[in-house]
Amino acid sequence: MTDASINNAAPGRRPGSLLSADVRTAKRNAAEKRFRAYGLTAMLIGLFFLVVLFVTIVRSGAPAFTRTVVDVEFTLTQEQFDAAESELFKTKAYSNLFISELDARLEQDGLDLDFDEAAIERLLGKVGGTLREHYRANPGDLGQPVQFELAASSRVDGYFKGRVTRDTLQDSRFLQASDLDLVDALEEAGIMKQAFNWTFITGADSGVDNPGGAGIGASVVGSFFMMLVVLFLSLPIGVAASIYLEEFAPQNRFTDLIEVNISNLAAVPSIVFGILGLAVFIQFMHLPQSAPLVGGLVLTLMTLPTIIISTRASLKSVPPSIRDAALGVGASKMQAVFHHVLPLAMPGILTGTIIGLAQALGETAPLLLIGMVGFVARGYPDGFLAGFTEPNSAMPAQIYTWAARADVSFYEKAWGGIIILLAFLLTMNIIAIILRRRFERRW
């Protein structure tokens, strides 16, 4: 057979050895190597930009997790408390007491600086109101030394973080160049320092005048309640619709039209769902504006096509022999689906659901239309049911609000909020991978 193959070779071509590649084989091998190099280059470029994005986010958002504080021990006697409460300007009286205590602390450290209430207000804000609120709420602390950790103003915090320098600082009602001498003295005495900003994680938005006290905690709670609405509505509805279309629905023009429209809905821009939610849930049904309930309903409409498509793909991946075997031993169609097909498709269903939830968690455009950006969430809900109906914000909406404000400190908070949002998204994707690995069966 070998001789016949050689003798029947095409005219004009010399038979070559199997151990050496001819010209055409060498060209094919070279083209394959180039294609592999192109793919490797594309992967390295994508990885490079991913690293650049990650480094940029971390570098820009990490300062949001620290803040400048004044750590001072303050003692207020009952006589001083009664005297301050008897004054007409009570917060001014508390501020004078704090200034006296701070001046005595600096004299103990050998520092002699002149400062007044205006300077303290530029550095720490309304410290008198903070002290009065604390002692009115905790009368048992009177006569006892209390350690106060007072947050510095955003411009003092910017001075510690390098955003504000003596060369670029211009005297204003917010901060003056002479105040930086007091800041340096407080830092030298160990009174003013950098500390971890727990308020950013557990606090709420503080409005445009207090960037140092702004936090994302209330927005995290709002996103949590929205995700509960999305989960408990989109999962049963999406799975039920997928089971019917894949296992029970007849193949006709009506079901074909439904399948095409589901695929089209998955490609509709998210802001269209926001307009739909505004028209139906708020203007027609008169549901409360800016509430997580409305946001969850809008995000449910947006997430349903993704869950239906992923669930149908999971059901299709189950071999037909499973259905035939169940029907062959006397099971009904419903028993075959719910007892055999659905458990085997569950890993893909859970994965698609979590991916859909992660997509909904990061959406901002639908929340713009229902008013979640215009509402400033300054506190936590009063109860579980109130978490669904009371106005609140969400993480992407809060990040958008901070990024739109003029103060540079809010821009820093926006980057920090992105880090927290990405941490939630990464956690949800890790859960999806674990569930798939845990329940997946290989055929």
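The values are calculated or read from the model by the stated rules, or taken from the named source; none is laboratory data. Here the structure is a predicted model, which is why all the values come from computation and not from measurement. All Cβ positions, even for glycine, are placed from backbone atoms using ideal geometry, and neighbour counts span all protein chains on display. Calculation scope for accessible area: heavy atoms of the full protein, side chains included, ligands and nucleic acids excluded. Shrake-Rupley method; radii C 1.70, N 1.55, O 1.52, S 1.80 Å.
For the reader, a short list of remarks on this structure follows.
- Residue ID - farthest from the chain's Cα centre (by Cα), chosen from residues in the stretch 240-262 that are among the aliphatic types (A, V, I, L, M) and more than 18 Å from L297 (Cβ to Cβ): A249
- Long-range neighbours under 6 Å by Cβ, at least six apart or interchain, first residue without any contact (Cβ under 8 Å) to a residue 40 or more places away in the chain within the stretch 263-289, second open to solvent by less than 50 Å² (accessible area, probe 1.4 Å) and not in a loop (DSSP other than H, G, I, E, B): L287/F281; L287/V294
- Leading residue by the ranking (farthest from A406 (Cα to Cα)) among those in the stretch 204-233 that are modelled with pLDDT under 85 and open to solvent by less than 40 Å² (accessible area, probe 1.4 Å): A204
- Taken over the stretch 381-395, the criterion of being without any contact (Cβ under 8 Å) to a residue 40 or more places away in the chain and either assigned to a loop (DSSP other than H, G, I, E, B) or surrounded by 18 or more Cβ atoms within 10 Å (Cβ to Cβ) (or both) is satisfied by D382, G383, F384, L385.
- Applying the criterion of being of a type in the set (S, T, Y) and surrounded by fewer than 15 Cβ atoms within 10 Å (Cβ to Cβ) to the residues of the stretch 80-106, the residue that is modelled with the lowest pLDDT is S100.
- Within the stretch 281-289, one or more residues are crowded, with 21+ Cβ neighbours inside 10 Å, part of a helix (DSSP H, G or I), under 34 Å from the mean Cα position of the chain (by Cα) and of a type in the set (A, V, I, L, M, F, W, C).
- Test: T77 is touching a Gly at 6+ places or on another chain (Cβ under 8 Å), modelled with pLDDT of 85 or more and surrounded by fewer than 13 Cβ atoms within 10 Å (Cβ to Cβ): yes
- Considering the stretch 406-421, and only residues there that are open to solvent by 80 Å² or more (accessible area, probe 1.4 Å) and in a helix (DSSP H, G or I), the residue that is farthest from M346 (Cα to Cα) turns out to be V408.
- Residue within the stretch 289-301 that is more than 21 Å from V221 (Cβ to Cβ), in the same structural domain as A345 (by TED's automatic domain parsing) and touching a helix residue (DSSP H, G or I) at 6+ places or on another chain (Cβ under 9 Å) present: yes
- Only one of the numbered conditions (1) free of Cβ contacts under 8 Å to residues at least 12 places away in the same chain; (2) open to solvent by less than 50 Å² (accessible area, probe 1.4 Å) is not met by A403, and that is (2).
- Single unsatisfied condition, R67 versus (1) open to solvent by less than 70 Å² (accessible area, probe 1.4 Å); (2) farther than 30 Å from I216 by Cα; (3) charged (D, E, K, R); (4) modelled with pLDDT of 85 or more: (2)
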